[in-house]
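The values are calculated or read from the model by the stated rules, or taken from the named source; none is laboratory data. Since we're looking at a predicted model, the values are computed, not measured. Don't worry about glycine lacking a Cβ; one is built from the backbone with ideal geometry, like all the others, and counts go over all protein chains shown. In case anyone asks, the SASA skips ligands and DNA or RNA and just uses the protein heavy atoms, side chains included. Shrake-Rupley method; radii C 1.70, N 1.55, O 1.52, S 1.80 Å.
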Amino acid sequence: MIKISGFKISKHHSSNRIVNIQIEDKTLEKLSEKFSRFDLTAIEYKPFTRFTVAKYLDDLTNNELSKYLNDILRDRKTGCFIIGPEKITNKTDDIFLVKLSTAITHLIGTPNHDSMAGKFYARFFVKHEDKSDSYLRKAYINLDLHTDGTYVKDVTDWLMMTKIEEKNVKGGESVMLHLDDWESCDELFNDPVGRENFIWSSPKSKNVDYKVEHPVFFKDNNGLPQISYIDQFPEPKNMKQGQFLQKLSNALEGSKNKIITKLPVGSAIVANNYFWLHGRTPFKENQALSRELLRIRGKFFD
Ligand SMILES: [Fe+2]
């Protein structure tokens, strides 16, 4: 494993494909001091400020971190890292975590506008009660494996999911599946229906007022499979497409090679969105359940 001063880097205990990056206390202190020069309004209103906080982070590592994070995400063998403070302190509060997430993503690429939140990132809660129109906030239902950005025009090369805080939580583990570990990948990738255009739309809360068309599977530059899929949003045009999607959904959820892991508070999963799928197990019922998440999706720098 590569060594970067101020960080502890190892393979994640759940998978050889996931790199675990812990930010040491002394690094967090330096970052916290530098981040305090900007408030969240500056970060939200001035896109260049986001690059300034990213540069603070990269400068602490002699610009090694940005190169390393990009290498991980583009490498088909890995494509995913989990990053977060080694220890949670009063310095690593929610504001700090928004700034840290902003800094990390701006070493990778430019974030897409998140229509649900109206800015480049979205913060949202999962709670006991939910009246929303998508699975995202339904605590007691499995959030099936999917990729992000399936129903928008923006290129979505990567995504970050940060756990800001949680209370009274049991269950709700992160579920990840790499296409190359999936038993049914060859069969479904080679099914001609998977290369047909599907229509993708989204419910009202997503604030996207158009539909897009694209296939479920496509090839990367080396001819390897890539996927853009979520169970809730394709509109099958006929029985053949409907049956294909049902088969795909069953095969994904039935995989024995899913990685199920508990993301620590303050940590983020960052993954390549074309060969990693993500989901969440159901939470255990609790009236006082509360989890706050942050998400950012975007494209790589050219
Ligand atoms: Fe997602």
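Relative to one another, the C-alpha centroids of segment 235-302 and segment 19-63 are positioned 28 Å apart. Just to confirm the number: angle between the C-alpha axis of helix 64-74 and the first principal axis of the chain, 0 to 90 degrees, nearest 10? The angle comes out near 10 degrees.
Each part reduced to its alpha carbon centroid, segment 113-130 and segment 148-227 end up 18 Å apart. Could you report segment 57-111's accessible area per residue, 1.4 Å probe, as an integer in Å²? Per-residue accessible area for segment 57-111 comes out at 37 Å².
The residues Ile88, Ile164, sorted by heavy-atom accessible surface at 1.4 Å with ligands and nucleic acids left out, run Ile88, Ile164 from largest to smallest.
Taking the protein heavy atoms of segment 24-134 in the context of the full set of protein chains, the accessible area attributed to carbon and sulfur is 51 percent at 1.4 Å. Normalised per residue, the accessible area of segment 152-286 is 46 Å², obtained with a 1.4 Å probe and no contribution from ligands, DNA or RNA. Partners of Lys163 within straight-line reach, counting aspartates and glutamates whose Cα lies under 13 Å from its Cα and excluding those fewer than 8 residues away in the same chain: Asp93, Asp94, Glu173, Glu292.
Pairs exceeding a 26 Å alpha-carbon distance, out of Lys170/Lys258; Lys119/Lys247; Lys99/Lys167; Lys211/Lys299; Lys99/Lys258: Lys119/Lys247; Lys99/Lys258.
Per residue, the chain reaches -7000 deg cm²/dmol at 222 nm when only DSSP H runs of four or more residues are counted, each adding -39500 (n - 2.57).
How would you classify segment 22-130 from its alpha-carbon gyration tensor, with a ≥ b ≥ c the square roots of the eigenvalues: rounded for a/c under 1.5, else prolate if a/b is greater than b/c, otherwise oblate? Rounded. Principal-axis analysis of the Cα atoms of the chain puts helix 94-105 at an angle of about 70° to the longest axis. Within the same chain, aspartates and glutamates fewer than 8 places from Lys237 are excluded, and of the rest, those with a Cα less than 12 Å from its Cα are Glu196, Glu213.
Largest first, the residues Glu292, Glu187, Glu64 sort by 1.4 Å accessible area into Glu187, Glu64, Glu292. Counting only protein heavy atoms and using a 1.4 Å probe, the accessible area of Lys262 comes to about 120 Å². Charge dipole of the chain (Cα centre as origin; +1 on each Lys and Arg Cβ, -1 on each Asp and Glu Cβ, all else neutral): 420 debye, rounded to the nearest 20. Counting heavy atoms of the protein chains alone, Tyr140 has an accessible area of about 70 Å² for a 1.4 Å probe. In this view, the solvent-accessible surface of Leu28, computed with a 1.4 Å probe and all protein chains in place, comes to about 10 Å².
Selection among Asn142, Gln232, Phe275 by position relative to the dipole of the chain gives Asn142 as farthest towards the positive end (Cβ unit charges, Cα centre).
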